[in-house]
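Down below is the structure, laid out as structure tokens.
The values are calculated or read from the model by the stated rules, or taken from the named source; none is laboratory data. Small disclaimer: the values here were computed from a predicted structure and weren't measured. Positions of Cβ are backbone-derived with ideal geometry, glycine not excepted, and every protein chain shown enters the neighbour counts. The accessibility values were calculated without ligands, DNA or RNA, using every heavy atom of the protein model including side chains. Shrake-Rupley method; radii C 1.70, N 1.55, O 1.52, S 1.80 Å.
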Amino acid sequence: MSTLLDVKDVSKHFTMGGLLSRKVVRAVESASLSLSVEKPEIFTIIGESGSGKTTLARMILGLELPSSGEISFRGKTVSHRVGRKERLQFMANVQPVFQNPFEAFNPLKRIDRYLESTAKRFLKRSDRAGLEQAMDGALQKVGLSLAEVKGRYPHEMSGGQLQRAAIARALIPNPPLLVADEPVSMVDASLRMSIVNLLKSLRDDLGVSVIYITHDLATAYYISNRLIIMQRGQIVEMGDARAVLDNPEHPYSRLLKASVLSTEDAGSGKLGTDPGMVALAGELVGQSGRLVDRPDGRLVRVY
């Protein structure tokens with residue numbers, strides 16, 4: 001099976017402080033994942049704030065260089081500095097979708113200008129008709145049109161519309177992979193499912209794989225094929241999304257699931273979290289361990 005993206009034992013360490021008070025922060029430690037060309041999927045990275053999920057995404061996008069390990073895309077290593085031509089080619093194939101659409105666009109620049117500059121840069125087109133066709137085609141894929149966004153500034157659109165426009169901008173180069181970092185967290189609850197369903201349709205209808213970064217177990221359960229759960233920079237569990245979330249095995253995974261209010265808990269003000277589980281998950285923070293194969297094909301970190 002051909003590999004689209006392969007992340008092998010990637011770590012990222014940040015050094016903080018001065019000579020007398022230097023501290024090493026291990027943001028990501030020995031993370032590995034792989035996506036295939038033949039089977040587009042939504043691969044989800046779950047974790048609380050500070051778990052390392054965004055740092056891992058930034059390394060996949062090439063915005064951060066790994067301290068160790070290797071990242072390859074279609075067999076070519078991309079985890080070190082490359083020339084401008086190779087970098088542009090990689091950017092065309094792996095596009096980001098950021099968390100806050102209102103920060104992703106310059107408020108003083110019209111949205112269609114953003115789309116136009118993306119088309120010029122990656123499609124190498126300069127004719128007006130061709131540019132508008134490419135822009136409108138990308139917008140149609142997300143339920144918008146060029147006529148709807150032309151001449152409009154970011155503040156003239158809703159959060160849901162603007163996030164769709166951001167996804168359309170990412171789709172202009174026809175990338176096989178999107179890296180979506182919390183794409184629904186800044187969108188109204190009533191609009192979240194439209195964005196989530198859009199990601200599903202991109203996978204099912206266009207064959208685009210998505211790395212979906214979130215702390216929301218509900219949307220992860222709904223759209224994911226596979227997932228990893230991260231705690232303090234380490235992957236503690238990996239496998240089929242429904243198998244992991246239906247029957248989590250690592251204490252931290254069980255703690256995350258238990259922290260989600262069920263319909264029975266609604267209005268009670270109580271979480272059904274076992275104090276012993278909280279204590280065990282806390283004890284494991286910062287400890288090393290190894291990922292072990294389970295019979296169902298998932299990986300779980302043991303200590």
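Looking only at the stretch 97-113, residues that are within 18 Å of GLU148 (Cβ to Cβ) and at pLDDT 90 or above come to 5 in all. Could you tell me whether any residue of the stretch 78-91 is crowded, with 19+ Cβ neighbours inside 10 Å, part of a loop (DSSP other than H, G, I, E, B) and on the phi < 0 side of the Ramachandran plot? Yes, that holds for at least one residue. Taking first residues from the stretch 17-36 that are within 30 Å of VAL210 (Cβ to Cβ) and partners that are assigned to a loop (DSSP other than H, G, I, E, B) and open to solvent by less than 50 Å² (accessible area, probe 1.4 Å), the Cβ contacts under 7 Å between residues at least 6 apart in sequence or on separate chains come to ARG26/GLY233; ALA27/GLY52; ALA27/GLY233; VAL28/GLY52; VAL28/GLY233; GLU29/GLY233; LEU35/GLU41. For the stretch 57-74, the condition holds for at least one residue, the condition being that it is open to solvent by less than 10 Å² (accessible area, probe 1.4 Å) and β-branched (Val, Ile, Thr). Pairing residues of the stretch 38-49 that are closer than 11 Å to THR214 by Cβ with residues that are surrounded by 17 or more Cβ atoms within 10 Å (Cβ to Cβ) and among the small types (Gly, Ala, Ser), at Cβ distances under 6 Å and at least 6 apart in sequence or on separate chains, gives ILE42/SER224; THR44/ALA220; THR44/SER224; ILE46/ALA220. The single condition among (1) more than 25 Å from ILE46 (Cα to Cα); (2) open to solvent by 10 Å² or more (accessible area, probe 1.4 Å); (3) not polar (S, T, N, Q) that PRO176 does not satisfy is (1).
Matching residues to (1) surrounded by 19 or more Cβ atoms within 10 Å (Cβ to Cβ); (2) without any contact (Cβ under 8 Å) to a residue 40 or more places away in the chain; (3) of a type in the set (Gly, Ala, Ser); (4) assigned to a helix (DSSP H, G or I):
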| position | (1), (2), (3), (4) |
| --- | --- |
| SER117 | no, yes, yes, yes |
| LYS120 | no, yes, no, yes |
| ARG125 | no, yes, no, no |
| ALA138 | yes, yes, yes, yes |
| GLY143 | no, no, yes, no |
| GLU148 | no, yes, no, yes |
| ARG152 | no, no, no, no |
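ASN247 passes every criterion in (1) modelled with pLDDT of 95 or more; (2) out of contact with any strand residue (DSSP E or B) (no Cβ under 9 Å at 6 or more places or on another chain) apart from (1).
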